[in-house]
Amino acid sequence: MKKILSLVLAICAISNISLAQKTNFSDKLYESYSEYKEEKIINRRIKHADVSSLIRNFDSRKNINIQKVGESIEGRSLNLISLGDGDTEVFLWSQMHGDESTATMAIFDILNFFDSDDFSEEKDLMLSNLSIHFLPMLNPDGAEKFTRRNSLGIDVNRDALRLQSPEAKTLKRIRDSLDADFGFNLHDQSKYYNAERTEKPATVSFLAPAYNYEKNINEVRGNAMKVIVQMNKVLQKFAPGQVGRYNDDFEPRAFGDNIQKWGTSTILIESGGYPEDPEKQEIRKLNFVSILSALYSIASEEYKTEEISEYENIPNNDRMLFDLKITGLNYELEGETYVLDLGINTFENDLEENSDFYYTGRVVDQGDLSTSYGYNQVDASGLKYENAKIYPEKIMTKNELENLDPAKLLQEGYAFVKVDSTLLKEDYSNYPLNLVADSFKIGERLRPGVVANFFLLKDDEVKFAVINGFFTNLEDPQRDIKNTRIFN
């Protein structure tokens, strides 16, 4: 009897050690992430050449197999990177939408992790039980222009049935040849999604896609849900309350839904927004940690202990976030004073070669926005809206412009400066006031769609400015205002 008891206690001890190791694994991954981050790609607008160069770095690694598996419409290579020799096949693909690159960056961080000498026990477990296959940047033609669709102008994620595009054909062929047990469909979503009924952004959202209109849950989809439950637990440690659940309405043309139907437990990961993280580097880190934690969970089969009901407890995605939300603002119109909330978003405008961008900040909603939230929230109770003015003197040279005091001009209610045509050659400026031509006129009414340039006054004194959608307290406008617009 004592021997049996000792054996039971020993088994429990081993089990507890395993659980502790798993719990510590994600913590250690998060803490040591900088050692694996691929520093050659640090912004979202990466190109096929960037990815190809990184892939070549792994050519000589004996434990990593690289094979060209297809080409895009414009002839850019599609490559499969494989490692591990386990029986469970795991297939991860990224950037089937060309402007959704967060997970592509994270894939190379993960490859650096596997190429290191660290975490030997965890890696041995994963690589002996799993065969892991990465297909980064499935839509390189779209990535070249940083646009969603491919060169045919179609959404690759709606081409699972017709298979018109070579990118879709490659994805289907690889999935079928692997007969993958698990699939990770890696995307980006709008930064304006929030976790339902909270001000927290949906920094990462998950979905176990439905495989039919009835949204039935079979073993394949149920396993995906269980893996997601574990990934959510990991992310709650590092981004508490910032995980959402994507809508699971069945889309018969989509790859995630069909791959689930074809027998691969499919996990959709959508990278959303994170405060002060425009290039999604913190979200990239969360991808790194959560995906490796999921691979560990699949390799150890610990996901099987999770309850599917916990998947349903993850908050739904909602879309109630603004970049800037201003509440309780007094706005005068036709002799009457009204109280308005304003929702303002900053939109990216592509520059040449789509490698960089400038912002245009617009009012996108106004009225009662009490059910909405903002990355930046300003209580304007007791403050009055004042339309921006044009500085009366025309500026002829760059030196004249540099000699102006922008903070002083803003304090006087000026948001626009008339300049000579030689200073109007671009679409944007790094000067903290908008530059305009002689013919420029200011619109009189505040309404959704207008570029956000106005002031907040208290007792007829300017307290704050909103310039091109950016809120500034006037102390250091060049710090707060990312760019302004040039209006010809």
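The values are calculated or read from the model by the stated rules, or taken from the named source; none is laboratory data. Computed from a predicted structure; not experimentally measured. Positions of Cβ are backbone-derived with ideal geometry, glycine not excepted, and every protein chain shown enters the neighbour counts. Please note that ligands, DNA and RNA were not included when accessible areas were found on the heavy atoms of the full protein model with its side chains. Shrake-Rupley method; radii C 1.70, N 1.55, O 1.52, S 1.80 Å.
Taking region 319-339 as the range and being closer than 30 Å to L207 by Cβ and either open to solvent by less than 50 Å² (accessible area, probe 1.4 Å) or aliphatic (A, V, I, L, M) (or both) as the test, the residues that pass are M320, L321, F322, D323, L324, K325.
Across region 291-328, what is the total count of residues that are part of a helix (DSSP H, G or I) and more than 22 Å from I46 (Cα to Cα)? Write out each step before concluding.
Residues of region 291-328 part of a helix (DSSP H, G or I): 291-300, 302-305, 308-313.
Cutting the leftovers down to more than 22 Å from I46 (Cα to Cα) gives us 292-300, 302-305, 308-313.
Qualifying residue count for the region: 19.
Y192 - would you say it is touching a Phe, Trp or Tyr at 6+ places or on another chain (Cβ under 9 Å), on the phi < 0 side of the Ramachandran plot, of a type in the set (F, W, Y) and open to solvent by 30 Å² or more (accessible area, probe 1.4 Å)? The answer is no for Y192. Pairs are defined by a Cβ separation below 7 Å, a sequence spacing of at least 6 or placement on different chains, a first member in region 284-307 that is farther than 15 Å from D181 by Cα and in contact (Cβ under 8 Å) with a residue 24 or more places away in the chain, and a second member that is among the charged types (D, E, K, R) and open to solvent by 10 Å² or more (accessible area, probe 1.4 Å); the pairs so defined are E302/K22; E306/K226.
Looking at region 370-488, the helices (runs of 4 or more DSSP H) lying wholly inside it that each contain 3 or more residues that are touching a helix residue (DSSP H, G or I) at 6+ places or on another chain (Cβ under 7 Å) sit at 406-411.
When D176, D117, D124 are screened for being over 30 Å from L351 (Cα atoms), in a loop (DSSP other than H, G, I, E, B), out of contact with any helix residue (DSSP H, G or I) (no Cβ under 8 Å at 6 or more places or on another chain) and charged (D, E, K, R), only D117 passes. Once region 213-233 is narrowed to residues that are free of Cβ contacts under 8 Å to residues at least 40 places away in the same chain and in a loop (DSSP other than H, G, I, E, B), the residue that is farthest from E312 (Cα to Cα) is Y213.
Every residue in region 394-407 that is touching a residue at least 12 places away in the same chain (Cβ under 8 Å) and over 39 Å from the mean Cα position of the chain (by Cα), please. Steps first, please.
Within region 394-407, the first condition is being touching a residue at least 12 places away in the same chain (Cβ under 8 Å), and the residues that meet it are 394-398, 401, 404, 406-407.
Answer for region 394-407, where residues must be touching a residue at least 12 places away in the same chain (Cβ under 8 Å) and over 39 Å from the mean Cα position of the chain (by Cα): K394, I395, M396, T397.
Scanning region 425-439 for residues being surrounded by fewer than 16 Cβ atoms within 10 Å (Cβ to Cβ) and within 36 Å of the chain's Cα centre (by Cα) gives a total of 4.
Looking across region 261-285, the residues that are over 11 Å from the mean Cα position of the chain (by Cα) and either within 20 Å of I132 (Cβ to Cβ) or buried (at least 22 other Cβ atoms within 10 Å of the Cβ) (or both) come down to W262, G263, T264, S265, T266, I267, L268, K285. With respect to the stated conditions, V417 fails to be surrounded by 16 or more Cβ atoms within 10 Å (Cβ to Cβ), closer than 20 Å to T472 by Cβ and in contact (Cβ under 8 Å) with a residue 40 or more places away in the chain.
Only strands (runs of 3 or more DSSP E) wholly contained in region 46-111 count here; list those with 3 or more residues that are of a type in the set (A, V, I, L, M). Reasoning before the result, please.
Working: elements: 64-71, 77-83, 88-94.
Passing ranges, in order: 64-71, 77-83.
Please specify each residue of region 194-221 satisfying the condition of being within 18 Å of M320 (Cα to Cα) and β-branched (V, I, T). Across region 194-221, the qualifying residues are T198, T203, V204. Just one of the numbered conditions (1) surrounded by 18 or more Cβ atoms within 10 Å (Cβ to Cβ); (2) assigned to a loop (DSSP other than H, G, I, E, B); (3) in contact with a Leu (Cβ under 9 Å, 6 or more places away or on another chain); (4) of a type in the set (G, A, S) is not true of A210: (3). If you go through region 144-160 and keep only what is under 18 Å from the mean Cα position of the chain (by Cα), in a loop (DSSP other than H, G, I, E, B) and not hydrophobic (A, V, I, L, M, F, W, C), you end up with T147, R148, R149.
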